Amino acid sequence: MAKPILLAIDDDISVLEAVVQDLRQRYGQSYRILRAASGVAALDICQQLKDRGDVVALLLSDQRMPGMSGVELLQRTMELYPDAKRVLLTAYADTEAAIRAINSAKIHYYLNKPWDPPEEKLYPVLDDLLGDWHEGYKPPFDGVRVVGLRWSPSDFLVREFLSRNRIPFQWLTPEVTPGALDALKERKLDGSKLPVVLFSDGSSLVQPSITELASKVGLRTTAEQEFYDVVIVGAGPAGLAAGVYGASEGLKTLIIEADAPGGQAGSSSRIENYLGFPEGLSGEELGKRSYLQARRLGAEFLTQRVCELRSEGPYHLLKMGDGREVSCLVCLIATGVSYCKLDIEGADHLTGAGIYYGAAQTEALACKDEEVFIIGGANSAGQAAMYFSRYAARVTMLVRGDSLAKSMSRYLIDQIENNSKIEVMTRTEVVKACGSGHLERLILRTPEGEQVRDTNSLFIFIGAAPKTDWITPDIAKDAKGFIFSGPDLKLRFPQAWPLDRDPYLLETSVPGVFVAGDVRFNSVKRCASAVGEGSIAIQFVHQYLASLQP
């Protein structure tokens, strides 16, 4: 965004130059300093600035000018820049006129000539006025804008992707935002085909795929090379930790993530039991810091979805959603888990239209002053409830068990119990979701019988389904899809291991393919545990690579 403007006006050129010099000396780094030699010229400049969308923060005008006085000029500029600060520069004899102008023309201040020294007589006044201006000024948004419908699953996916990848955007929805469709008409776009993503360079994407959107906002969707020492699938805590250690230890490292760095933990509004952060931190912040650290150390990131993994001798090949392939000597699977689907009537067709899996930070503002329901009793559900309570009128947690104590940390239970906006309903289940076009009500089964509750928003934080449907059958998994490795593999599937040596601790049934984090069978479902596994996985990667040497 261009700097705000300070405009000086005086018909005496020597005085005007002195004013401009003093303004530049103090404010030149933060503001553009412009000048005009008459009131008419100043009005013309202001109109041109307005037409270009520039912002004027302050006008400093002399009073005695031929053709148009300073008071008249400042009055007329109010039509163009009503929020700009207006200062009159007067001779001592014009003091009474200046005082009257403060009352009649809404002039903010007047200064007497001469104003030397400016450090005493000019800057303190302008500092205060510009400070007030900044407090009330809301700069126009000059970034990505998403025009879409709140109850559209495709619109939700676009907003969630941008939010999770920390791409600032403005959401315009015709339901609540006046002029949302006008933004499309200005670019001759069809308002019936939503969502539309508008960019500041004048370009747009209509109903984009995630890959198209990722490429447009600057995320890499094509690998720089065809071969890597280690390819990590998944950029949750385990994958990011492995990326940090792999890259820092000289391995040519590629991290592939379909959604955003941080994984499921990245959607957590607050993690308060992570070592080293006594005040807690958001999952988004943890993901951002880890991503930047891995990048700084040399890891490459790729925004793609892996759809196939196969092995050819000592090499492992991964096929992307766009058909391209990369190969490596070692593959680490760190895809984590996703929330389990809600198996009730009405859930499928309302997903993304009032029913959401995770997504607390993406949807919180849209739920302002509404009643929100959350299914789940573990830490992720509790963190979401605390976050929603900042915006929603009421948050109701639906817990199948008889208390939160079985699955939630004590610190979080205490916070929920002390929050008057959160209600916890135990031994309660949702049996049906109802709505035409979007969620409108829930039917609950409670100890007292069925209840019907009106709501537009249900957020689900239950279970842990591993993201392993793309993985070859050669990699041994349990019935739920969690991947066996190391001692668990030897104990439960000894016939699946093809080599004379034992598998390394985190090695799967395919030599050279490792697993870390929540997707691993019998893992501890905690963020710190995933980070630990991702870190130590690189130790075994080195051992495996050494074993390939003749």
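Below are the figures for this structure:
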| read-out | value |
| --- | --- |
| Semi-axis lengths, Å, region 36-161, gyration tensor of Cα atoms, sqrt of 5 times eigenvalues | 40, 17, 12 |
| Cα-based shape type of region 340-472, given that a ≥ b ≥ c are square roots of the gyration tensor eigenvalues and the cut on a/c is 1.5 | rounded |
| Normalised contact order of region 310-393, rounded percent, pairs of Cα under 8 Å and 6 or more residues apart | 19 |
| For LYS252, distant residues with modelled amide H under 5 Å away | ASP229, VAL230 |
| Test item: Cα-centred dipole of the chain, Lys/Arg +1 and Asp/Glu -1 on Cβ, debye | 700 |
| Shape category assigned to region 256-376 from the gyration tensor of Cα positions, a/c cut at 1.5 | oblate |
| Assigned charges on the beta-carbon of Lys, Arg, Asp, Glu; region 483-541 dipole about Cα centre (debye) | 160 |
| Rounded Å value of the spacing that divides the Cα centres of region 361-386 and region 259-273 | 14 |
| Relative contact order computed over the chain (Cα-Cα under 8 Å; 6+ residues apart), in percent | 10 |
| Exceeding the 19 Å Cα-Cα cut-off - candidates LYS85/LYS106; LYS341/LYS368; LYS341/LYS421 | LYS341/LYS368; LYS341/LYS421 |
| Per-pair calculated FRET efficiency, R0 = 25 Å: ASP128 and ARG187 via Cβ, rounded to 0.05 | 0.05 |
| Peptides 171-177, 143-149 ordered by average Cβ neighbours within 10 Å, highest first | 143-149, 171-177 |
| Sorted peptide list for 287-294, 396-403, 319-326, criterion being average Cβ within 10 angstrom, highest first | 287-294, 396-403, 319-326 |
| 3J(HN,Hα) from dihedral phi, region 500-515, Karplus parametrisation 6.51/-1.76/1.60, rounded to Hz, x for glycine, proline | 6, 6, 6, x, 5, 3, 10, 8, 7, 6, 9, x, x, 10, 10, 9 |
| Cα gyration tensor category, rounded, prolate or oblate, for region 212-274 with a/c compared to 1.5 | oblate |
| Contour excess over end-to-end distance, with Cα ends at LYS319 and VAL452 and 0.36 nm allotted per residue | 43.2 nm |
| Farthest toward positive dipole pole in the chain [+1 Lys/Arg, -1 Asp/Glu at C-beta], among GLY376, ALA37, SER204 | GLY376 |
| For region 225-341: relative contact order, % (alpha-carbon pairs under 8 angstrom, 6 or more apart) | 34 |
| Dipole magnitude of region 116-228, debye to nearest 20 (Cβ charges: Lys/Arg +1, Asp/Glu -1, about Cα centre) | 860 |
| Under-5 Å amide H pairs with ARG270, H placed in peptide plane, nonlocal only | GLY283 |
| Length gained when the stretch THR222-GLU371 is fully extended (0.36 nm per residue, less Cα-Cα span) | 49.4 nm |
| C-alpha center-to-center spacing [region 179-193, region 205-240] in angstrom | 30 |
| Heavy-atom surface of the chain, accessible at 1.4 Å and reported per residue (Å²) | 47 |
| ³J(HN,Hα), Karplus 6.51/-1.76/1.60, whole Hz, each residue of region 480-487, x for Gly, Pro | 8, x, 6, 8, 7, 8, x, x |
| Full-extension gain in nm, SER215 to LYS480, via 0.36 nm per residue minus C-alpha separation | 92.0 nm |
| Of all accessible heavy-atom area on the chain, the percent that carbon and sulfur account for (1.4 Å) | 49 |
| Positive dipole terminus of region 35-159, leading residue within LEU111, GLY53, VAL146 (C-beta point charges) | VAL146 |
| Top positive-direction residue, dipole computed over region 114-191 with Cβ charges, set LEU130, PRO178, VAL158 | VAL158 |
| Peptides 50-57, 307-314 ordered by average Cβ neighbours within 10 Å, highest first | 50-57, 307-314 |
| For the chain, share of DSSP beta bridges that run antiparallel, in % to the nearest 5 | 35 |
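The values are calculated or read from the model by the stated rules, or taken from the named source; none is laboratory data. From a predicted model like this one, the values you see are computed outputs, not experimental measurements. Neighbour counts run over all protein chains shown; Cβ positions are idealised from the backbone, glycine included. Side chains included, ligands, DNA and RNA excluded: accessible areas come from the protein's heavy atoms. Shrake-Rupley method; radii C 1.70, N 1.55, O 1.52, S 1.80 Å.
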